[in-house]
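What follows is calculated from the coordinates using simple rules that are stated; it is not laboratory data. Quick caveat: nothing in here was measured; it's all calculated off a predicted structure. Methodologically, a virtual Cβ is constructed for each residue, glycine included, from the backbone with ideal geometry; neighbour enumeration extends over all protein chains shown.
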Amino acid sequence: MAIETELYDVLGVSPTATGDEIKKAYRKKARNLHPDKNPNDPEAIQNFQELGAAYEILNDPNTREVYDSFGMQGLAGPGGPQNGPDMGDIFAQFFGGGPGASFDFDFGNARGPFRKRNKGEDSVIPYDVTLEEIYNGKTVKVNMEKEVECGVCKGSGAKGNAKAKPCVTCEGKGWKHVYSQVSTVRIATTRAPCTDCHGAGETLREKDRCKKCKGEKVVQEKTRQEIRVERGMPNGQRIVLAGAGDQEPGLPPGDVIFVLKTQRHESFERSGSDLLSTVSITLSEALLGFDRILINHLDGRGVRVTSPKGKVLTSGMTIVLRNEGMPTYKNPDVRGNLYIVLKVEMPSEEWMSTVDQKALAALLPPKKTDIEPLPEIVDDVAFEESTLTEVRARSFPAGSGFFDQAFPSQFGEGDENDWEDDDDDDDEGGPPECQPQ
Ligand SMILES: [Zn+2]
Ligand SMILES: [Zn+2]
């Protein structure tokens, strides 16, 4: 005899009801309590869920026996009824924690494998592109396989007029409750697709299955799709091929969505519609100017630049080539700017060994002399090369922040996006430094 009757009460049957009576009662009640039929009842979903959960427990002889012997506490797992809270409480927890609790069940538009979809699944595919491809635009043909409705059975999966039978395991629902213990007094219920019918709620006998799709309702089809990488598309741009995705019987096919991922470029960094590059110039060019093709652009063009006469160029100096940046997406004739950081290459020691140093010295600005007046004490200290990176890597006692400060560098060595949003601001509370755009 059952020690609790709440679940029986939910179904409206006596604790002595047979399995058949429980089934019948459930079907009848399920029809009446279905949320679609009770759109104005705020408790409709909860009532329906309680009904389903009660049925799940009582329909399975094993769980029914546990419930009859130990009540909900028994279903909550080991721990026994001796020191548990009152049963009503557990019942409430079992169904989601009482008033205001959110339910994990799925109806209509909820997440999860049982959500009602209005089209087939979308396929999202990352697609690597080079900066050249985005600069110039590109049409790519890709071979894909997609699922389409089987033409032989028209998506029924059945041979001829064979009909699918409701799945015995899940009673045609396509799902089963899975209980998991959260704590000694609480069990969580989640729904899992029925493993026998894979959530369909019905099954076909082996011999009734369509020969072509083997009862799967869909077949693989090879297709050739074209995607157009348009000039100036931003990184992360989604290119949607509507309806090119998998098809499920009775539903329009899903979309194929390519997501652009720009590969790192060896000479250019992109920031929106602007580009950044670094160009090495020789010492001679730094002093005497240049007139040459400074860069090979992303479309293969050479870009010639002439520095103004008499202009001495320093290492780190930035020049801007107007309208030589990236094309604007959807308006490719409008282009951003190309910023070029000049780096002065000093002559090699090898080259220096070949030149007349006296003659060179006569040409260059004079060396510095000792300061006047000479300090009273002058020590000779050895010249030793070092790198600041090593020094910075060490930790310093408080107060020696000099080496900790990041030296302003226009092109980050990490992300390609470093230079556009590099507004590191370590000073707490201080105003953010202005970054020239
Ligand atoms: Zn078929
Ligand atoms: Zn099933």
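Subtracting the Cα-Cα distance of residue 154 and residue 353 from 0.36 nm times their residue separation leaves 63.2 nm of extension gain.
Remark: for residue pairs 309/358; 217/261; 37/173; 141/261; 146/217; 163/214, the C-alpha separation exceeds 23 Å in 309/358; 217/261. Peptide packing for 306-314, 222-230, 50-58 was compared via the average number of neighbouring C-beta atoms within 10 Å per residue; ordered from the highest value, the list is 50-58, 222-230, 306-314. Rg/Rh for segment 269-363 (Cα atoms only, Rh after Kirkwood) is 1.11.
Determine, from the Cβ-Cβ distance of residue 389 and residue 228 and an R0 of 41 Å, the FRET efficiency 1/(1 + (r/R0)^6), rounded to the nearest 0.05. Efficiency computed from Cβ-Cβ geometry: 0.35. The distance linking segment 126-143 with segment 219-257 is 15 Å (Cα centroid to Cα centroid, whole angstrom). Taking the DSSP bridge list for segment 269-363 and keeping only pairs wholly inside it, about 65 percent are antiparallel. Working from Cα pairs under 8 Å separated by at least six residues, relative contact order for segment 269-363 is 34 percent. Shown for 138, 330, 173: other C-beta atoms within 10 Å of each C-beta, ranked fewest to most, produce the order 330, 138, 173.
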